[in-house]
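The values are calculated or read from the model by the stated rules, or taken from the named source; none is laboratory data. Computed from a prediction, not measured in an experiment: that's the story for all the values here. Virtual Cβ from ideal backbone geometry, glycine too; neighbours counted across all protein chains shown. Ligands, DNA and RNA are excluded from the accessible area calculation, which covers all protein heavy atoms including side chains. Shrake-Rupley method; radii C 1.70, N 1.55, O 1.52, S 1.80 Å.
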Amino acid sequence: MLQTIIAGHHLPVCLYNASGAMCTTKSDLGLLADSHAGAVLTKSCTLAYRNGNPKPRYHETAIGSINSMGIPNLGYEVYAQTALEHHQKYPPKPYFVSVSGMSINENLEILAKLNQTEQIAAIELNLSCPNLPGKPQVAYDFPQTERMLDAVFDVYQKPLGIKLPPYFDLVHFEQIATILNQYPLHFVTCVNSIGNGLVIDWQTETSVIKPKGGLGGIGGDYIKPTALANVRVFSQLLRPSIAVIGCGGVKSGSDAFEHILCGATAVQIGTQLMKEGTDCFARIATELQQIMQQKGYTNINDFKGKLKTIE
Ligand code: HRO
């Protein structure tokens, strides 16, 4: 009932983790593989191991999260190796690798290596990390995005999608969609955290995370309306062969239902996975199934992208 297809791969359930949430270590990835998630996606990786930003760098509030992790990861080789082990143990569950090199050349080098690992179902190229001091988010710089995608598709022919930051202006949606439609992308994931928010503790009069003077990416309930708008508008502007994957503020079956109604082909879970652990997948899947049953839907395509607006 909840099945879907991403980049030609069948997912038994249209829910899986957002990159960054519980997917950095081999043991995290094993827990995701054992869970009801329909796929596994790794932490964004670089060529070499990275420690990331100084701690504290992640903080939860009652309705969301702020992070400035700084891409702590084990280096791409570990995620390629884990793909082999994953494939032997869980052949039906697609394994996606998120890539976030520090430059075009670093991304090309990582992709050239990952190209050799058949067990990777697809790459999610992260063009939207908000937490690298001094480095802008690539996908807010449209000429840079074009240069990146030109270079990537020159060397990489296997299934690839990109992780976008949230956009807020309809002119920007149109400009970036026109660029993305030129490339053989399999999917876009909307959205990364809303960059450079500030959560503070009024009692101690202090910011809650250390990097960048307390600024970090915001996730959770705060970002659901922005995420839904991005899923909706990109579903309308992109070629139908580019699937939109929804990410942002999903903590219940109705949140996932809303993302699909706006056009999502699958839905990722970040902050709620951090709060609840991998049990969230079975719970949210059950809730989504109940909503679909009540409405008489048997497949997500029955309502995908069918949001009604008020005339
Ligand atoms: O590691 C991070 O700081 C991070 C990344 Cl890569 C990202 O894409 N989004 C985010 O909120 N944090």
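Miscellaneous remarks
- When the range 68-78 is limited to residues that are under 18 Å from LEU273 (Cβ atoms) and in contact with a helix residue (DSSP H, G or I) (Cβ under 9 Å, 6 or more places away or on another chain), the one that is nearest to the ligand (Cβ to nearest atom) turns out to be MET69.
- Given (1) of a type outside the set (Ser, Thr, Tyr); (2) under 27 Å from ILE291 (Cα atoms); (3) within 16 Å of the ligand (Cβ to nearest atom), index of the condition ASN53 fails: (2)
- Residue that is farthest from the ligand (Cβ to nearest atom) [pool: residues in the range 90-129 that are crowded, with 23+ Cβ neighbours inside 10 Å and farther than 21 Å from PRO184 by Cα]: LYS93
- The residues listed here are VAL233, VAL250, VAL267; of these, the one that is under 15 Å from LEU164 (Cα atoms) and within 16 Å of the chain's Cα centre (by Cα) is VAL267.
- Filter result for ILE200 (surrounded by 19 or more Cβ atoms within 10 Å (Cβ to Cβ) and either polar (S, T, N, Q) or closer than 30 Å to GLU60 by Cβ (or both)): no
- Of the residues making up the range 207-216, none is in contact with a Lys or Arg (Cβ under 9 Å, 6 or more places away or on another chain), away from the ligand (no atom under 15 Å from the Cβ) and in contact (Cβ under 8 Å) with a residue 24 or more places away in the chain.
- Qualifying residue in the range 204-215 (condition: closer than 21 Å to LEU31 by Cβ, open to solvent by less than 10 Å² (accessible area, probe 1.4 Å) and of a type in the set (A, V, I, L, M)): no
- The number of residues in the range 242-256 being more than 19 Å from MET292 (Cβ to Cβ) and part of a loop (DSSP other than H, G, I, E, B) comes to 3.
- Tabulated pairs, the range 38-53, first at positive phi, second open to solvent by 10 Å² or more (accessible area, probe 1.4 Å) and modelled with pLDDT of 95 or more, C-beta under 6 angstrom, 6+ apart or interchain: GLY52/MET69; GLY52/PRO72
- Leading residue by the ranking (farthest from TYR183 (Cα to Cα)) among those in the range 141-156 that are open to solvent by 30 Å² or more (accessible area, probe 1.4 Å) and without any contact (Cβ under 8 Å) to a residue 40 or more places away in the chain: ASP141
- Matching residues, the range 1-39, being polar (S, T, N, Q) and either under 15 Å from the mean Cα position of the chain (by Cα) or in a loop (DSSP other than H, G, I, E, B) (or both): GLN3, ASN17, SER19, THR24, THR25, SER35
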